[in-house]
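Please read the structure below before turning to the comments.
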Amino acid sequence: MQQKFYGLPYTPNTAWQLRFSHLIGYGAKYYSYLMSRAVASMVWKQCFIQDPLNRDMGERYRREMLAHGGAKEPMLMVEGMLQRRPSTEDFVEALVSELDPNFDTFIMDSEN
């Protein structure tokens with residue numbers, strides 16, 4: 001299977017997915033997904049969680065996030081929506097708060 005999909009022969013007692021080459025071409029996509037998820041979480045919690053149909057927040061979302069297409073720097077759109085510049089801690093908190101503490105690997109990882 002590795003030869004078919006990866007193109008290099010398997011070396012016994014190794015894990016190809018742990019090699020640096022596994023990250024090339026994939027890492028940026030994965031981290032941009034995490035950033036998008038964190039932004040979505042922050043916007044939801046700050047602007048929509050109490051009233052998902054709030055017209056003022058919907059108008060702000062349209063004005064600050066959707067109206068620009070790809071013509072505006074993404075962080076400027078996020079700042080406009082949240083009315084503040086999110087910190088690194090905000091991004092981390094947005095991702096951590098979405099973890100399911102009942103998920104088996106989360107419980108196993110946090111016990112060690």
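Details
- Residues in region 33-71 that are among the small types (Gly, Ala, Ser) and surrounded by 10 or more Cβ atoms within 10 Å (Cβ to Cβ): 36, 38, 40, 41, 58, 67.
- Output for region 74-91, where each listed residue is in a helix (DSSP H, G or I) and surrounded by fewer than 12 Cβ atoms within 10 Å (Cβ to Cβ): 88, 89
- Scan region 8-56 for residues that are of a type in the set (D, E, K, R), assigned to a loop (DSSP other than H, G, I, E, B) and modelled with pLDDT of 95 or more and the total you get is 1.
- Taken together, the criteria exclude residue 62 from residues that are modelled with pLDDT of 75 or more, charged (D, E, K, R) and not in a helix (DSSP H, G or I).
- Residue check, residue 109 at pLDDT 95 or above, exposed (fewer than 12 other Cβ atoms within 10 Å of the Cβ), assigned to a helix (DSSP H, G or I) and of a type in the set (D, E, K, R): no
The values are calculated or read from the model by the stated rules, or taken from the named source; none is laboratory data. These numbers were taken from a predicted model, which means no experiment stands behind them. Please note: Cβ atoms are built from the backbone with ideal geometry, for glycine as well, and neighbour counts cover all protein chains shown.
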